[in-house]
Amino acid sequence: MNPAAQPRVAIIGGGPAGLMAAEAASMAGAQVDVYDAMGSVGRKFLLAGKGGLNLTHAEPFARFVERYGARQHEVSRWLQAFDATALRAWARDLGVETFVGSSGRVFPHDLKAAPLLRRWLHRLRAAGVRLHMHHRWLGWQAHGTLHFATPGGERAVPTDALVLALGGGSWPQLGSDGAWVAPLAQAGVDIAPLQPANCGFELAWSAHLRQRFAGAPLRPLVAQWVDRLGIAHRRQGECVLSEYGIEGSLIYAIGAELREQIAERGEALLRLDLAPGYALPALVERLAAPRGKHSLGDWLRRRAGLDAARCALVFELTDAATRADPHALAAHIKALPLRLRAPRPLAEAISTAGGVRLEALDDNLMLRARPGVFVAGEMLDWEAPTGGYLLTACLASGLLAGRGAADWLRAQQGRQDARETRD
Ligand SMILES: Cc1cc2nc3c(=O)[nH]c(=O)nc-3n(C[C@H](O)[C@H](O)[C@H](O)COP(=O)(O)OP(=O)(O)OC[C@H]3O[C@@H](n4cnc5c(N)ncnc54)[C@H](O)[C@@H]3O)c2cc1C
């Protein structure tokens, strides 16, 4: 295509969503410029690589989309354009083979993000995508011109269409700090408050528990809670005691419900079954047997299978009378109450809930309030647990937004050409 006739798409934000938008817009025939506040793109993606880079999940599509909770309907539409299978094919195309781990999570063979990102950037540059680093977007100036702060001073950049992929508000040191909320709100875009997702929760532990057991894993374990509709749930998994409270994949998976309960009631009640291998009557019977000279800690280890960390939790959260009664003690071990007071701050969270409300967008992720402006990735109002669901939805939404921006521009140009011919 003649470059002069090519539509120009600006992408702001060089995380996975923005880079995928760049690739999609470029493949749809647009000239693409990517702007990012930092000195290099994909910093959070590289950090995800430190944990093995869980790219996606191999479970069936119907189960996969349920992970997006209240937003599964909308996200499933994005995933129809780019699902886990498409993601693995895309990685293979970049020369990165993936494998399915025992839990169904999908990783690159080398468990690293850097080689994938390197190859991806090489392919984007070869396709003509231009990267502009140290460009912090501040908002719009008159006539929709983009306003950037750069080391050389402020810069105004005109654009035909725009994809915003500015990330959420967690780990601001990596570039996504949520500062985009102000200019978008000013432009009339409806934004749900940014909140921590996939984060730990705070509890007031004793100094003894903090000092001796922070970092200790709790497993096996079943969490039990009653949701805001009054429905009781049980879920097996793992979590970790931390200095401030509790964290880990099981907590992340139910974190949205816990966070909302705290917002509504000031606390969330989570019960832990520390001995899921024993039914309550069996555990009562085992604990009621004559203890002889054994200390209670030793007895809990032998008769209930509790390790030191789970024993310490029982001592922390029961009184002497409960510990002296095998029935009450067993009941507590099977449903130890934790009163969670607050989620950890957004800056520490793995991901962000809240963001641009999906109702503010059309089917191609274009802002209804600002035609020609598309939004993708974690800055949109959806959330999901860890397990590869975050990157998959970021990439899928990036693809839709990038393709949507190029198509929208082409349609605009078509309309203008038709007008000129008519006149
Ligand atoms: C420790 C950790 C581990 C993770 N591991 C996984 C994992 O294994 N699997 C998984 O699925 N997900 C994982 N995630 C989540 C995943 O990394 C994010 O969901 C994903 O990176 C979000 O992509 P994004 O493109 O929407 O935003 P980001 O990756 O945050 O990219 C946004 C970009 O926008 C730029 N930007 C922001 N504001 C401006 C501005 N005003 N002007 C210009 N540029 C701006 C930023 O510099 C950044 O480059 C992990 C996250 C963390 C923190």
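Brief remarks follow.
- Across q = 0.07, 0.12 Å⁻¹, the chain modelled as identical point scatterers on its alpha-carbon atoms has Debye log10 I(q)/I(0) values of -0.41, -0.96, in the order of the q list.
- Relative packing of peptides 23-30, 44-51 - highest average C-beta neighbours within 10 Å first: 23-30, 44-51
- Annotation: lysines with alpha-carbon distance below 26 angstrom to K112 (same-chain offsets under eight excluded): K44, K50.
- Within the stretch 278-353: Cβ-based charge dipole about Cα centre, in debye rounded to nearest 20 (Lys, Arg +1; Asp, Glu -1): 140 debye
- Averaging the Cα positions of each part gives two centres, and for the stretch 41-88 and the stretch 296-339 these lie 39 Å apart.
- Using the alpha carbons alone, the radius of gyration of the stretch 1-89 stands to its Kirkwood radius in an Rg to Rh ratio of 1.04.
- This model, with +1 at the C-beta of Lys and Arg and -1 at the C-beta of Asp and Glu, gives the chain a dipole about its Cα centre of some 1020 debye.
- Applying 1/(1 + (r/R0)^6) with r as the Cβ-Cβ distance of R234 and S103 and R0 = 22 angstrom yields a FRET efficiency of 0.75.
- The fewest-to-most ranking of C394, C199, C311 by surrounding Cβ atoms within 10 Å reads C311, C199, C394.
- Per-peptide average of other Cβ atoms within 10 Å, ordering 378-390, 55-67, 147-159 highest first: 378-390, 55-67, 147-159
- Around the Cα centre of the stretch 201-343, unit charges on the Cβ atoms of Lys, Arg, Asp and Glu (plus for the first two, minus for the last two) sum to a dipole of about 480 debye.
- Selected from P172, G152, H134, residue furthest toward positive end of dipole (the stretch 128-234; charges at beta carbon): P172
- Environment charge at W408 (Cβ cut-off 14 Å; Lys +1, Arg +1, Asp -1, Glu -1): +2
Only the coordinates and a few stated rules stand behind these numbers; no lab work does. Quick caveat, the model's predicted, so the values are computed rather than measured. Cβ: placed from backbone, ideal geometry, glycine included. Neighbour counts: every protein chain shown.
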